[in-house]
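> Here it is, the structure in full.
The values are calculated or read from the model by the stated rules, or taken from the named source; none is laboratory data. No experiment lies behind these values; they were computed from the predicted model shown. As a convention, Cβ positions derive from the backbone with ideal geometry for all residues, glycine included, and neighbour counts pool all protein chains shown. Note: accessible area is taken over every heavy atom of the protein model, side chains too, but ligands, DNA and RNA are not part of it. Shrake-Rupley method; radii C 1.70, N 1.55, O 1.52, S 1.80 Å.
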Amino acid sequence: MKELQNRLRSELYNQELFETAHTLGMEYIENIESQDVYPSQENLNLLDHFDHELNSKGLAANKILNFLQKNGSPNTIAQIGGRYFGFVNGSAIPAALAVKSLSVIWDQCGGLYVSSPINAKLETVCEKWLIDLFGLPTNSKAGFVSGTSMANLSAITAARYHILQKQGWDVNECGLNGAPPIRIIAHKQTHASVKKTLTILGLGLQNIEWMEADDQGRADINTLPELDDTCIVILQAGNVNSGAFDDFEYICNKARASGSWVHIDGAFGLWARTSSALKHLTKGIEKADSWAVDGHKTLNTPYDNGIVICRHEKSFVSSLHANGEYLVFSDKRDPILYGPEMSKRSRAIELWATMMSLGKKGIDDLVHGLHNSANQFAQGLSDLGFEICNDVVFNQVLAYYKDNETTESILYSVQNSGRTWMAGSKWNDKSVIRISVCSWMTSENDIKEVLSLFENAIKSH
Ligand SMILES: Cc1ncc(COP(=O)(O)O)c(C=O)c1O
């Protein structure tokens, strides 16, 4: 152990090691606007170098760093640049990247106030700012989790506890065997992460009362069943394909009158609420009981940044927090109370830095700017002869060219250029090209370059 300690100590104080890491990171940033978005096959072959047995004596830190730079860096996706339109993956605001690199060295365990006062403080600040930005009930509490999947899981865990508690059943103590019924109402375009949550929580996909979805992927309100106080209703701010928003006003009013719990999956769409031009899409959303949203999508925080917000603090905390003799709670915020994790990294630091960097006006500009870029894309694609299959209400564009086969082949050749990347999807039985504009960096030139790739792909088809 002593020998090992000596080696590790000398590496910790090896300034050159950390400076090299920093320099390599800066070189990556310098090339981000010109480099290809997706690795070439030649680069992907470098990944084979990672296939070896774990060595016995360990390796010097500088060698590990160089090895990763050589074989790993060429196999990243240039997501922080302006030509990546895959899934709903955001870029990262520079101030947040910078504070993240500092806080990586702090390496805080963010579970308790005593394990990281700075993380606890910034969670408190972010909670207040977010509730204000989204215009949610001021008594709501927020938890900082890895992404919207965990935020959905956390919120619906609280909802399950709340609904059963009202019926005199403590799910923490008694579990689900013999529990009173919970009715789950969701619609057919509900995101996969919500379905996963329902399976994890033992609520069962077969038990869902499915509402139909309309042609934009919104809940069809005509298929909303009669609600009562045993219901959890799950709605969506931003359909993962079309970007469409459910009718919160109508459904939340019905839910409130019946005592149902409404959960909103707003992974990327809840941010519409922060833009004066797009806020109308979220009308009535404040009447829900819980909300899930990502920092790492529309807001452009670095990755691993989700938020759950809940208006019922007692159910939220009772359903999620853990107790242990060894835990040291404070009279300040203990993050462990507001989510399923105990040890966790201090992700609120980047969220705080992002909001500090943009300010309210900058957030509005960013969100609205993504929408404008999506419209430019849609117009350009339509000029090239594509059918735009969705109403571009937010940042998502679904494009189709002649038939499924042609659309897929055009997508494939644009992806193969390496200069950009977006995925395909299925929309109303059609194969579509799915463009999600989610980077602060996307410029008119980026859009022009990508449109010319589409034009060439059509010509060579
Ligand atoms: C509507 C919606 N819900 C949930 C998720 C899952 O979010 P995360 O990947 O942050 O867990 C996504 C991801 O794209 C989404 O679009």
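> With a cut-off of 15 Å, note down the residues of region 29-50 whose backbone N falls inside the zone around a label point 7 Å from the Cα of Ser443 toward its beta carbon.
Counting only backbone N, you get 30-35.
> Calculate the spin-label point distance for Thr23 paired with Ala257, positioning each point 7 Å from the Cα along the beta-carbon direction, and give it in nanometres.
6.9 nm
> At a probe size of 1.4 Å, how large is the accessible area of Glu127, to the nearest 10 Å²?
Surface open to solvent at Glu127 totals about 20 Å².
> Viscosity 1.567 mPa s, temperature 4 °C: Stokes-Einstein D of region 2-76 from its Kirkwood Cα radius, in µm² per second?
The diffusion coefficient I find is 90 µm²/s.
> Skipping prolines and chain starts, which residues have an amide H placed within reach, meaning under 5 Å, of the one on Gln236, given they are 5 or more residues away or on another chain?
Hits under the 5 Å cutoff: Asp246, Asp265.
> What are the ³J(HN,Hα) couplings of region 288-299, residue after residue, when phi is run through the Karplus curve with 6.51, -1.76, 1.60 and θ = phi - 60°? Round to Hz, x for glycine and proline.
6, 9, 8, 9, 10, 8, 9, x, 7, 9, 4, 6
> Sticking with this one: Taking 8 Å as the Cα distance limit and 6 or more residues as the minimum spacing, I'd like the relative contact order of region 1-103 as a percentage.
Relative contact order here is 31 percent.
> Carbon-plus-sulfur fraction of the accessible area of region 263-306, 1.4 Å probe, in percent? Walk me through the intermediate numbers first.
Numbers: 520 of 910 Å².
Carbon and sulfur atoms account for 57 percent of the accessible area of region 263-306.
> Scaled to the compact-protein estimate 2.2 N^0.38 Å, what is the alpha-carbon radius of gyration of the chain, rounded to two decimal places?
That works out to 1.04 for the chain.
> Given 0.36 nm per residue, what is the gain on full extension from Gln41 to Asn62 after removing their alpha carbon distance, in nm?
Extra length from Gln41 to Asn62 when fully extended: 4.9 nm.
> Any idea of the accessible area per residue across the chain, 1.4 Å probe, to the nearest Å²?
For the chain, the per-residue accessible area is 46 Å².
> At 222 nm, what helix-only mean residue ellipticity would the chain give, in deg cm²/dmol to the nearest 500, using -39500 (n - 2.57) for each DSSP H run of four or more? Write out the running numbers ahead of the final one.
Working: 14 runs with 190 residues, N = 461.
Taken over the chain, the calculation gives -13000 deg cm²/dmol.
> What trypsin sites (Lys or Arg not before Pro) does region 330-378 have in DSSP loop regions with at most 16 other beta carbons within 10 Å? Show your work: numbers first, answer last.
Working: sites: Lys332, Arg333, Lys344, Arg345, Arg347, Lys360, Lys361; in loops: Lys332, Arg333, Lys344, Arg345, Arg347.
Qualifying residues, ordered by number: Lys332.
> Another one. Taking all protein chains together and a probe of 1.4 Å, list Val317, Val397 from the most accessible to the least accessible.
Numbers: Val317 25, Val397 0 Å².
Output order, biggest surface exposure first: Val317, Val397.
> Sticking with this structure for a sec: In whole percent, how big is the carbon plus sulfur part of the accessible area of region 358-459, probe 1.4 Å, protein atoms only?
Details: 2020 of 4330 Å².
Ligands and nucleic acids excluded, carbon and sulfur reach 47 percent.
> Using Cα centres only, tell me the gap between region 271-303 and region 97-174 in whole Å.
Cα centres, region 271-303 to region 97-174: 16 Å.
> Between Lys121 and Ala192, what is the label-to-label distance in nm when each label sits 7 Å out along the Cα-to-Cβ direction?
For the pair Lys121/Ala192, the computed spacing is 4.1 nm.
> Going toward the positive end of the dipole of region 2-76, with +1 on Lys and Arg Cβ and -1 on Asp and Glu Cβ, which of Tyr38, Ile64, Tyr28 do you reach last?
Ile64
> Any idea how far apart Ser413 and His368 come out in nm if each label point goes 7 Å out from Cα toward Cβ?
My value for the distance between the label points is 3.9 nm.
> Additional query: With a length cut of 24 Å (Cα positions projected on each helix's long axis) and a Kyte-Doolittle mean of at least -1.0, go through the chain and give me the DSSP H helices that pass. Numbers along the way, then the final one.
Working: long enough: 117-134 (26 Å, 0.37); 148-166 (27 Å, 0.15); 348-383 (43 Å, -0.05).
Correct list, ordered by number: 117-134, 148-166, 348-383.
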